[in-house]
Amino acid sequence: RKEVEQDPGPFNVPEGATVAFNCTYSNSASQSFFWYRQDCRKEPKLLMSVYSSGNEDGRFTAQLNRASQYISLLIRDSKLSDSATYLCVVAMNRDDKIIFGKGTRLHILP
Amino acid sequence: ETGVTQSPTHLIKTRGQQVTLRCSSQSGHNTVSWYQQALGQGPQFIFQYYREEENGRGNFPPRFSGLQFPNYSSELNVNALELDDSALYLCASSPSGGAANEKLFFGSGTQLSVL
């Protein structure tokens, strides 16, 4: 089993729709979780951290389920500018090891 | 912009050669980590430097080595280049040594092509 797994997509979603991504991780010792966004041929940028209680930032909601070892990202009222690759990131404090998923490609259709 | 700068932006090398990539961290950041991103893949963690010492390493062979300087800038060196080393190499800085808990600020990357 890969350390961090994501559905690669692409997800083709009409503008205004709600879309959800999941990401599973294999190491139960993982302690920090993030979603990064990467536009084509650009560097990744932090979208949001993911906390055990769940957290929301505008149209974006992130959830963590430690028992099932997955995190999720929900995007409501999607915009054309949301088109990007979304990278799931899992980190372990021990050895400061940071693991990126392969990313999920999202295309918002007009 | 993150304030993290990488050079060069593009590089072409042949198999067996050596390459050095450079990264200047964001002002006030003392931790630098390096990643390799092949086409269609997520970034793969190479190693991390904190206050001039390597303090974390991913599954990369010893021919991938690095340095961090007193001003916290960093170099990634790759010896005996192989075709599979062709990738985007990303540098990220973070403020206080515990990159696992911190936001990473990425540079724009160096696109390395090995022929």
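Report, by residue number, each residue of the stretch A:51-110 that is over 13 Å from A:Q31 (Cα atoms) and hydroxyl-bearing (S, T, Y). Hits for the stretch A:51-110 are A:S53, A:T61, A:S68, A:S72, A:S78, A:S81, A:S83, A:T85, A:Y86, A:T104.
Tell me, please, whether a residue that is over 30 Å from B:T9 (Cα atoms) and modelled with pLDDT of 95 or more can be found in the stretch A:46-58. Looking for residues that are over 30 Å from B:T9 (Cα atoms) and modelled with pLDDT of 95 or more, one finds at least one in the stretch A:46-58, hence yes. Residues in the stretch A:12-26 include none that are of a type in the set (V, I, T), at pLDDT 90 or above and under 22 Å from B:S94 (Cβ atoms). For B:L39, work out the one condition from (1) under 29 Å from A:D7 (Cα atoms); (2) touching a Cys at 6+ places or on another chain (Cβ under 9 Å) it doesn't fulfil. Failing condition for B:L39: (2).
Within the stretch A:63-94, restricting attention to residues that are in contact with a Lys or Arg (Cβ under 8 Å, 6 or more places away or on another chain) and within 14 Å of chain B (Cβ to nearest Cβ), which residue is nearest to B:K103 (Cα to Cα)? Filtering first and then ranking leaves A:A91. Suppose we filter A:F11, A:F21 for residues that are more than 14 Å from every other protein chain (Cβ to nearest Cβ), closer than 29 Å to B:S108 by Cβ, surrounded by 13 or more Cβ atoms within 10 Å (Cβ to Cβ) and not basic (K, R); which single one remains? One residue alone meets the criteria, A:F11.
Note on the stretch A:10-24: residues that are assigned to a loop (DSSP other than H, G, I, E, B) and more than 20 Å from A:S78 (Cβ to Cβ) total 0.
Scanning the stretch B:7-29 for residues that are more than 13 Å from chain A (Cβ to nearest Cβ) and either surrounded by 20 or more Cβ atoms within 10 Å (Cβ to Cβ) or farther than 18 Å from B:A80 by Cβ (or both) returns B:S7, B:P8, B:L21, B:R22, B:S24, B:S25, B:S27, B:G28, B:H29. Looking at the structure I just gave you, is B:S93 hydroxyl-bearing (S, T, Y), crowded, with 19+ Cβ neighbours inside 10 Å and assigned to a strand (DSSP E or B)? When the stated conditions are applied, B:S93 passes them.
When the stretch B:52-90 is limited to residues that are buried (at least 19 other Cβ atoms within 10 Å of the Cβ) and farther than 12 Å from B:Q36 by Cβ, the one that is nearest to the other protein chains (Cβ to nearest Cβ) turns out to be B:G56. Would you mind stating whether A:N27 is surrounded by fewer than 19 Cβ atoms within 10 Å (Cβ to Cβ), among the polar types (S, T, N, Q) and not in a strand (DSSP E or B)? Against the criterion (surrounded by fewer than 19 Cβ atoms within 10 Å (Cβ to Cβ), among the polar types (S, T, N, Q) and not in a strand (DSSP E or B)), A:N27 qualifies. Within the stretch A:45-64, the set of residues being of a type in the set (S, T, Y) and either surrounded by 14 or more Cβ atoms within 10 Å (Cβ to Cβ) or closer than 14 Å to A:I75 by Cα (or both) comprises A:S49, A:T61. The lone criterion from (1) at pLDDT 95 or above; (2) facing another protein chain (nearest Cβ under 10 Å) left unmet by B:F105 is number (1). All conditions but one from (1) closer than 23 Å to A:D39 by Cα; (2) in contact (Cβ under 8 Å) with a residue 12 or more places away in the chain; (3) buried (at least 17 other Cβ atoms within 10 Å of the Cβ) apply to B:L39; the one that does not is (3). Among the candidates A:G103, A:G16, the residue that is within 9 Å of chain B (Cβ to nearest Cβ) and either touching a residue at least 40 places away in the same chain (Cβ under 8 Å) or polar (S, T, N, Q) (or both) is uniquely A:G103.
The values are calculated or read from the model by the stated rules, or taken from the named source; none is laboratory data. A quick note: this is a predicted structure, and the numbers were derived from the prediction, not measured. Reconstructed Cβ throughout: ideal geometry from the backbone, glycine too, with neighbour counts over all protein chains shown.
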